[in-house]
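The values are calculated or read from the model by the stated rules, or taken from the named source; none is laboratory data. Please read these numbers as outputs of a predicted model, since none were measured by experiment. Positions of Cβ are backbone-derived with ideal geometry, glycine not excepted, and every protein chain shown enters the neighbour counts. These area figures cover heavy atoms from the full protein model, side chains too; ligands, DNA and RNA do not enter into them. Shrake-Rupley method; radii C 1.70, N 1.55, O 1.52, S 1.80 Å.
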There are 4 protein chains.
Amino acid sequence: MSKVVVYPVNVEFGDCDPAGIVFFPNFFRWYDASSRNFFRTCGVPAWRDTEKSHGIIGTPVVDIGSRFIQPATYGDKVEVHTSVVEWNAKTFVMLHQLKRDGVLLSEGRDTRVFAIRHPEDPARIKAIPIPEDIRELCS
Amino acid sequence: MSKVVVYPVNVEFGDCDPAGIVFFPNFFRWYDASSRNFFRTCGVPAWRDTEKSHGIIGTPVVDIGSRFIQPATYGDKVEVHTSVVEWNAKTFVMLHQLKRDGVLLSEGRDTRVFAIRHPEDPARIKAIPIPEDIRELCS
Amino acid sequence: MSKVVVYPVNVEFGDCDPAGIVFFPNFFRWYDASSRNFFRTCGVPAWRDTEKSHGIIGTPVVDIGSRFIQPATYGDKVEVHTSVVEWNAKTFVMLHQLKRDGVLLSEGRDTRVFAIRHPEDPARIKAIPIPEDIRELCS
Amino acid sequence: MSKVVVYPVNVEFGDCDPAGIVFFPNFFRWYDASSRNFFRTCGVPAWRDTEKSHGIIGTPVVDIGSRFIQPATYGDKVEVHTSVVEWNAKTFVMLHQLKRDGVLLSEGRDTRVFAIRHPEDPARIKAIPIPEDIRELCS
């Protein structure tokens, strides 16, 4: 059984487009906030601190998919239910289920890595093996 | 052969996160802008006009996926190469290839529908069969 | 004494720029969310409902200013304290004080109008006198 | 006479709100992009490079104001005309005039500083006197 951490979101007027429904890139913004909230809740420090301790600057997404089942609009209170559903050697997979009153509105699944600055070029990033201590905090 | 329409993007400081690279939901913002630019270039009017002529308020995404191959950062000039790769009865699939100097940085693929306001509840939306005239403009 | 309504914000990783601090347009996004939250808390319906009852589609900003006193970063929990500080014939002024642990980080002040669609051109908007019933709800 | 640098913007569907007009925080996003474009055009390197050469991580805004004269909507092509209108010891003021077909839609004015990381606390930032070489490039 994996941990599930719930992140609440107020859908705002400015999150919606001229059709009156959430502009879909905002779902990804919320999935990402929920991902960061998941780590924080599990006890993983801010990336500015892990940069000092582990060199880790974040968990960039290498692949993401989402389906959108029902639209949301401003005034809605929704929740993102986030968990890690897969740990691999260098990647892990998070599942984000966005619900309103228990009804699934969208579902995203992203593959991420733990990244450090590239030793030869600080403008690039480099994936490292999943840190054992972080994995334990999150399981 | 399907039409490919290219949408140029200047990557801005505010598009990047504390790791110094583009915050990934912005890629979806650019895919969407490129989708709208594709239709405009093919001669499809603004949605506020198709609402009057066809009832169509837009092309909401029902499913989207993207992989991120290389990061981008501010100052980069990138291009989204967009085409329709599949037309179905009620859905169609767009491919978005984001390139910098010809190198593929990310690739997104979304499934969309043409939507009208739901006849019984204007707060909801409803997919309609692909309009033949729009399909022809885009092929 | 005017009503003050407090809107809580979690500052997210994606809200911050490569300098590691909040990208300032997000402060305006939060002021606007807090403005809408103020009206909701006072009992003013969603704009999609006031459009039917009053023709009102929202409260566009005609002028806004903000000063930024201290930066915020991801992981911060902040609050926007919002009130109406001035009611005029056709405009009103809102004050937004953004605080972290009681310390003022930024302060915004916007002048807004209640807008309807322009009777001759639905693509334009038109300011109307402040509706008395809404003003009473908010005072 | 100060330099004026013009930054073009395509207004996108996702930049607009349920009223069908640009969600106003996006104007600030464009002012900021135009500010960065101004420096780039004048020959000032990316902040990641000035951090190495001068310690400068950017030009955070300490105060900004904007008035909104006419709304914009998706499909519009607009331009931000940006200049530095005031140089002080530690601050400078930029003017951003956003126009569509030569007509002024909005006007913003921001006061900025050149910032380095605070020597005692890298999480904080510190204003420095305007660098003479940068000022010369921009005048």
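Couple of notes before you dig in:
- Region A:29-50, residues that are touching a residue at least 24 places away in the same chain (Cβ under 8 Å), open to solvent by 20 Å² or more (accessible area, probe 1.4 Å) and at the interface with chain C (Cβ under 10 Å from one of its Cβ atoms): A:37
- Residue count for region D:73-98 satisfying the condition of being touching a Pro at 6+ places or on another chain (Cβ under 8 Å), in a strand (DSSP E or B) and of a type in the set (D, E, K, R): 2.
- Test: residue in region A:51-73 that is at pLDDT below 95 and among the charged types (D, E, K, R): yes
- Of all residues making up region D:99-139, the number that are assigned to a strand (DSSP E or B), open to solvent by 40 Å² or more (accessible area, probe 1.4 Å) and within 19 Å of residue D:41 (Cβ to Cβ): 1
- Any chance residue A:86 is more than 14 Å from chain B (Cβ to nearest Cβ), farther than 30 Å from residue C:34 by Cα and in contact with a Phe, Trp or Tyr (Cβ under 7 Å, 6 or more places away or on another chain): yes
- Evaluation of residue D:86 against the conditions (1) surrounded by fewer than 22 Cβ atoms within 10 Å (Cβ to Cβ); (2) touching a residue at least 60 places away in the same chain (Cβ under 8 Å) shows that the sole unmet condition is (2).
- The residue that is farthest from the other protein chains (Cβ to nearest Cβ), among those in region A:60-82 that are closer than 14 Å to residue A:109 by Cα and open to solvent by 10 Å² or more (accessible area, probe 1.4 Å), is A:81.
- Of all residues in region D:10-21 being open to solvent by 10 Å² or more (accessible area, probe 1.4 Å) and hydrophobic (A, V, I, L, M, F, W, C), the one that is farthest from the other protein chains (Cβ to nearest Cβ): D:21
- The set of residues in region D:52-68 that are more than 30 Å from residue C:91 (Cα to Cα) and in contact (Cβ under 8 Å) with a residue 40 or more places away in the chain comprises D:54, D:55, D:56, D:57, D:58, D:59, D:60.
- Selected residue [more than 29 Å from residue C:123 (Cβ to Cβ) and out of contact with any strand residue (DSSP E or B) (no Cβ under 8 Å at 6 or more places or on another chain)] from D:29, D:40: D:40
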